[in-house]
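For reference, the structure discussed in these notes is given below.
Only the coordinates and a few stated rules stand behind these numbers; no lab work does. Being a predicted model, the structure only gives us computed values, none of them experimental.
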Amino acid sequence: MRHQILSRHSADRSGPTRNAARPDLIGKQTLAYSVVVADDLFKALADPTRRTILDELTEKSGQTLFEICSRLSMKHRLGISRQAVSQHLAVLESAGLVETRREGRYKFHDLNTAPLRQITERWLVPDTSGPEKSTP
């Protein structure tokens with residue numbers, strides 16, 4: 001999903017904004033594309049059901065909605081509807097963590113870990129202290 005960055009003058013325009021797909025961004029200033037992406041990513045990771053879906057896609061990527069629902073029901077005892085799982089997948093897809101592909105009438109969901117790598121590259125500081133010395 002492509003996110004648009006609002007200029008500081010976009011909130012001053014009357015009428016519909018170009019960012020109608022993202023009502024949470026209307027009237028807000030964003031400094032960079034990564035701010036919006038990181039926001040979506042943390043929102044996606046905040047929910048335990050979505051983290052469970054990601055765990056299942058880590059175990060076996062390329063699952064259909066039916067397979068994901070079955071695994072959540074059987075392995076994790078989650079009584080969640082197909083519609084709810086579909087909505088969770090949409091949030092994960094908008095954050096870039098899940099990619100979909102269609103083959104015939106089936107839609108397959110694949111895990112994409114690139115957004116997680118971007119976070120670790122942004123905030124993970126390498127240990128430069130060297131090996132620790134043990135004191136007797």
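Full extension of the chain between residue 82 and residue 116 gives 9.6 nm of extra length, using 0.36 nm per residue less the Cα-Cα distance. Shown here: the stretch 31-121, whose C-alpha atoms stretch 41, 30, 22 Å along the first, second and third principal axes, sorted largest to smallest.
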